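Asks: Here it is, the structure in full.
Bear in mind these aren't lab numbers, they're just calculated from the coordinates by the rules spelled out. All figures in this text were calculated on a predicted structure; none of them were measured in a lab. Cβ sites come from the backbone with ideal geometry, for glycine too, and all protein chains shown count toward neighbours.
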Amino acid sequence: MSEKKLRFNSKVIHGGQSPDKAYGAVMPPIYQTSTYAQTSPGEHMGFEYSRSANPTRSALENSLASIENGKYGLAFASGLAAMDAVIKLLEPGDEVISTNDLYGGSYRLFRQIFEKYGIKFHFTGMQEVGNIAALINPKTKLIWVETPTNPMMNVIDLKAVSELAKLNKLLMAVDNTFATPYLQQPLDLGADIVMHSATKYLGGHSDVVVGALVVKDEVLAEKLYFIQNASGAVCGPMDSFLVLRGIKTLHVRMERHCENGMHIAKFLKEHPKIEKVYWPGFEDHPNHDIAARQMNAFGGMISFIPKGSNFKEAVSIVEKLKVFTLAESLGGVESLAGHPASMTHASIPKNEREKSGVVDSLIRLSVGIEDVQDLISDLEQAIG
Ligand code: P1T
């Protein structure tokens, strides 16, 4: 059956894959090699040097392209390395419009690395597409979207943003880390580039740091491949293997992440000591309609604020958790809790971060796939 006809739950297993050419291995071997023998200069079996290409990484890149409904996948050493490659498409003087509520490391990359090279970044609440339109000028080249946002769980209308991008001939990139292609497929909604921290749900087991890009356009793919090879922040063969293995269970893991996430979000919302819960599945979430339209379910990421809480009290809750692990990162099978103001978003100046809602009392949960009753009991004892 042609690959195009496969449904998502089959693509995660078979998409872009074929048995290894040497011995028919069903899983691609970990080609732990830097180089490949040549019979004469330039005569080889398709691989020359593992920065340029490696068979295990190619297997992952083909899988990524398939599950995101793209044509070309590129795997990097981290999510930030993948983002770095996208920004390197730009020239000094170019401008980027980005979500104002995004992963702290993405903000740091933009402001502290690329601004030095003359690229200007604007940050705005993209839930209002008009806010983006107001910032577009002749220097604008790229719209960088993260949805749902980390950690405020705002949802941005990808179709509306892509229409705006096309009208103004701008590139549009979407960080699809929180949703994964199981929940939303940005290329189908008009985005040019999908980016992942594959460290998270795609890998799914908190055992690698990997990044990914997927595109449909051949010219754009060539430009990104040039940067991947010329800058060199590639994903290694062992990590490629681990992410590829993770992707094969993405659909079953995501189903449970979403189900557990819904139960935890409802539990927190009804809890008398909780002030506010940020989860796009609630009908009173300001972007619920868009989320219901562009996502297949609402995911396992939740942020919340305990009532009358401050920095110290929020920290004391996360310290008391026993089944949830207090840690950076998200998207693994195990539940994690984080305190964005002092952890993932500490690199954003306090006044900037608070403007988008990342206050000192905010707690972020990555709901894993454990028994949900154990997770609820853990939150109950920590909240008190
Ligand atoms: O950590 P790395 O693989 O380089 O990916 C960076 C990144 C990019 N985009 C989003 C939405 C992310 O959440 C991340 C990494 N985030 C965390 C480590 C975190 O705990 O939020």
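Asks: Label-point separation (nm) for Val26 and Tyr49, each offset 7 Å from Cα along Cα-to-Cβ?
Replies: Computed distance between label sites Val26 and Tyr49 equals 3.7 nm.
Asks: Note the full-extension length gain between Lys269 and Ala292 as 0.36 nm times their separation in residues minus their Cα-Cα distance, in nm to one decimal. Walk me through the numbers on the way to the answer.
Replies: Working: separation 23, 0.36 × 23 = 8.28 nm, distance 1.93 nm.
Extra length available between Lys269 and Ala292 comes to 6.4 nm.
Asks: Also, quick follow-up: With point charges of +1 on the Cβ of Lys and Arg and -1 on the Cβ of Asp and Glu, referenced to the Cα centre of the chain, which listed residue (Pro29, Leu220, Pro286) lies farthest in the positive direction of the dipole?
Replies: With unit charges placed on the Cβ atoms, the residue in question is Leu220.
Asks: Net charge within 14 Å of Glu370 by Cβ-Cβ distance, Lys/Arg positive one each and Asp/Glu negative one each, not counting Glu370 itself?
Replies: Values: positive: Arg253, Arg256, Lys322; negative: Glu259, Glu334, Asp371, Asp374, Asp378.
Local net charge: -2.
Asks: Find which of His271, Val86, Gln373 sits farthest along the positive direction of the dipole of the chain, computed with +1 on the beta-carbon of Lys and Arg, -1 on that of Asp and Glu, about the Cα centre.
Replies: Selected residue: Val86.
Asks: Counting pairwise Cα distances across segment 95-234, what percent come out greater than 25 angstrom?
Replies: Values: 2277 of 9730 pairs.
Of all Cα-Cα pairs in segment 95-234, 23 percent lie more than 25 Å apart.
Asks: Now for a separate question. Any idea what the dipole of the chain comes to, in debye rounded to 20, about its Cα centre with Lys/Arg Cβ at +1 and Asp/Glu Cβ at -1? Could the numbers behind the result be given before it?
Replies: Working: 38 positive and 43 negative charges, 64 e Å.
Result for the chain is approximately 300 debye, rounded to the nearest 20.
Asks: Can you give the calculated 222 nm mean residue ellipticity of the chain, where each DSSP H run of n ≥ 4 adds -39,500 (n - 2.57) and the sum is split over every residue, rounded to the nearest 500 deg cm²/dmol? Please list the in-between numbers first.
Replies: Details: 14 runs with 136 residues, N = 384.
Rounded to the nearest 500, the figure is -10500 deg cm²/dmol.
Asks: Right, next: Where does each of Asp360, Asp101, Asp192, Asp207 land when they are ranked from fewest to most other beta-carbon atoms within 10 angstrom? Show your work: numbers first, answer last.
Replies: Details: Asp360 19, Asp101 28, Asp192 22, Asp207 13.
The order, fewest Cβ neighbours first, is Asp207, Asp360, Asp192, Asp101.
Asks: I'd like the trypsin sites (Lys or Arg not before Pro) in segment 311-379 restricted to DSSP loop residues with at most 15 other Cβ atoms within 10 Å, sorted by number. It would help to have the intermediate numbers written out before the result.
Replies: Working: sites: Lys312, Lys320, Lys322, Lys350, Arg353, Lys355, Arg364; in loops: Lys322.
Those that pass, being in a loop and sparsely packed, are Lys322.
Asks: Quickly work out the Asp217-to-Glu283 label distance, labels modelled 7 Å from Cα along the C-beta direction, and quote it in nm with one decimal.
Replies: The answer from the label model is 4.1 nm.
Asks: Follow-up question, since we're still on this one. Cα-Cα over 27 Å: which of Lys120/Lys166; Lys71/Lys116; Lys5/Lys266; Lys169/Lys355? Show your work: numbers first, answer last.
Replies: On the way: Lys120/Lys166 21 Å; Lys71/Lys116 33 Å; Lys5/Lys266 37 Å; Lys169/Lys355 30 Å.
Over 27 Å Cα-Cα: Lys71/Lys116; Lys5/Lys266; Lys169/Lys355.
Asks: Taking every pair of distinct Cα atoms and averaging 1/r, then inverting, what Kirkwood hydrodynamic radius in Å comes out for segment 46-90?
Replies: Numbers: mean 1/r = 0.0872 Å⁻¹.
Every distinct Cα pair counted, the radius reaches 11.5 Å.
Asks: Could you tell me the distance between the Cα centroids of segment 210-232 and segment 242-282, to the nearest Å?
Replies: If you average the Cα positions of each part, the centres end up 32 Å apart.
Asks: While we're on this one: Along the Cα-to-Cβ line of Asn229, 7 Å from the Cα, sits a label point; which residues in segment 15-37 have backbone N less than 16 Å from it?
Replies: The answer is 35-36, whose backbone nitrogens lie closer than 16 Å to the label point.
Asks: Follow-up. Calculate the spin-label point distance for Leu326 paired with Lys159, positioning each point 7 Å from the Cα along the beta-carbon direction, and give it in nanometres.
Replies: Each label point is offset 7 Å from its Cα along the Cβ direction, giving 4.4 nm.
Asks: First select every other residue whose beta carbon is under 10 angstrom from the beta carbon of Val145; then total the charges, Lys and Arg +1, Asp and Glu -1.
Replies: On the way: positive: none; negative: Glu146, Asp157, Asp175.
Neighbourhood net charge equals -3.
Asks: Can you tell me the FRET efficiency between Glu259 and Asp207 if r is taken as the Cβ-Cβ distance and R0 is 22 Å, rounded to the nearest 0.05? Working shown, then result.
Replies: Details: r = 23 Å, r/R0 = 1.07.
The value I calculate is 0.40.
Asks: Work out which helices of the chain, taken as complete DSSP H runs, extend at least 20 Å along their axis over the Cα atoms and score a mean Kyte-Doolittle of 1.0 or more, then list them.
Replies: On the way: long enough: 250-270 (30 Å, -0.65).
None pass (Cα extent of 20 Å or more, hydropathy at least 1.0).
Asks: At R0 = 25 Å, how high is the FRET efficiency between Ser18 and Lys71 if r is their beta carbon distance? Nearest 0.05 is fine. Please list the in-between numbers first.
Replies: Details: r = 17 Å, r/R0 = 0.67.
My answer for the efficiency is 0.90.
Asks: So if R0 is 45 Å, what FRET efficiency would Arg245 and Ala346 give, r being the distance between their Cβ atoms, rounded to the nearest 0.05?
Replies: Numbers: r = 32 Å, r/R0 = 0.71.
The calculated FRET efficiency here is 0.90.
Asks: Using only Cα positions of the chain, each an equal point scatterer, no hydration layer, compute I(q)/I(0) via Debye at q = 0.08, 0.13, 0.15 Å⁻¹ and quote the log10 values to two decimals.
Replies: Debye intensities relative to I(0), on a log10 scale: -0.40, -1.06, -1.36.
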